[in-house]
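Structure first, commentary second.
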Amino acid sequence: MGKTIVAPSILSADFADFGGALARIENAGADWVHLDVMDGQFVPNLTFGPKLAEDLRRRSSIFFDVHLMVKSPELIAPAFAAAGVDSITFHIEAAAQPRQFLQAIRDMGKKAGISIVPSTPAATLNELLPYTDLILVMTVNPGYGGQELIPECLQKVRFLADERQKRGLNYLLSVDGGIHSQTAGAAVAAGADVLVAGSAFFSVPDGAAFVRQLRNC
Ligand code: DX5
Ligand code: ZN
């Protein structure tokens with residue numbers, strides 16, 4: 001749609017220095033910070049809760065893009081909203097009433113996003129498309145950074161970009177997993193507006209050059 005949004009994920013940061021990671025992301029000129037929340041149940045890994053978002057919020061006004069990879073996301077979303085994040089994205093596979101939950105997130109004054117894992121078809125989202133601000137298409141199986149992008153997932157981005165156009169909708173399309181300078185171009189060509197990058201961002205010496213490179217894909 002518009003300019004490509006680059007969203008580094010602090011999942012690949014040094015967990016003993018989240019403040020430093022946030023500074024690195026801001027200094028690189030990134031648009032958003034992506035916060036990967038994992039509960040050890042929806043995915044086999046654990047990360048952090050709303051306290052981290054709240055503490056980071058005091059240090060920065062950059063857009064906080066929360067990705068909830070948790071069971072029963074309805075229980076934790078209000079605490080992230082109170083922490084001052086900007087968007088809250090949950091998995092359709094984890095929510096009992098996704099349409100109502102999207103509305104509840106909007107009622108909290110936040111952008112509401114919905115995500116699908118690689119095994120979930122994009123058409124599963126058909127009836128929810130008018131009610132979402134963002135769709136996060138996972139391009140790896142969620143749980144860990146540093147995996148390789150599954151190319152078939154980009155067909156779902158294409159499908160959702162077509163639906164957006166056909167139906168006159170305006171959600172953002174985000175891709176998450178295995179995004180780096182070699183894969184970002186294909187994701188943008190498929191229709192992605194938001195590029196989430198964890199390990200690729202934190203492995204380069206020059207974050208600003210990386211952000212520029214992804215933005216210009
Ligand atoms: C994976 C997370 C991603 C992760 C991506 O479950 O949702 O946001 O940070 O990491 P990379 O960019 O290393 O694939
Ligand atoms: Zn994520």
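Bear in mind that the values in this text are calculations on the coordinates, not laboratory data. These numbers were taken from a predicted model, which means no experiment stands behind them. Note: ideal-geometry Cβ built from the backbone for every residue, glycine included; neighbour counts use all protein chains shown.
Annotations
- Note on the chain: Lys pairs 8 or more places apart or on different chains, Cα atoms under 30 Å apart, count 15.
- Residue among Ser61, Leu22, Pro50 farthest towards the positive dipole end of segment 5-215, charges placed on Cβ: Ser61
- Note on segment 5-215: percent of Cα-Cα distances in each 10 Å bin, starting at 0 and stopping at the bin with the largest distance, equals 9, 38, 39, 13, 0.
- Across segment 190-197, rounded Karplus estimates of 3J(HN,Hα) from the backbone phi angles (6.51 cos²θ - 1.76 cosθ + 1.60, θ = phi - 60°) give 6, x, 5, 9, 10, 10, 8, 9 Hz, Gly and Pro being marked x.
- Per-residue ³J(HN,Hα) for segment 181-188, Karplus 6.51 cos²θ - 1.76 cosθ + 1.60, θ = phi - 60°, Hz, x for Gly and Pro: 4, 8, 10, 4, x, 5, 5, 5
- Amide H partners (placed H, <5 Å) of Val194, local residues excluded: Ile5, Leu173, Ser174, Val175
- Under the Karplus curve 6.51 cos²θ - 1.76 cosθ + 1.60, θ = phi - 60°, whole-Hz ³J(HN,Hα) for segment 29-34, x wherever Gly or Pro sits: x, 5, 7, 10, 10, 9
- Distant-in-sequence amide H partners of Phe63 (H built 1.01 Å from N, under 5 Å): Val33
- Distant-in-sequence amide H partners of Val70 (H built 1.01 Å from N, under 5 Å): His91
- Listed by number, the DSSP H helices of the chain that run 20 Å or longer by alpha-carbon position along their axis and have mean Kyte hydropathy of at least 0.5 come to an empty list.
- Residue-averaged 222 nm ellipticity for the chain, from DSSP H runs of 4+ at -39500 (n - 2.57), nearest 500: -9000 deg cm²/dmol
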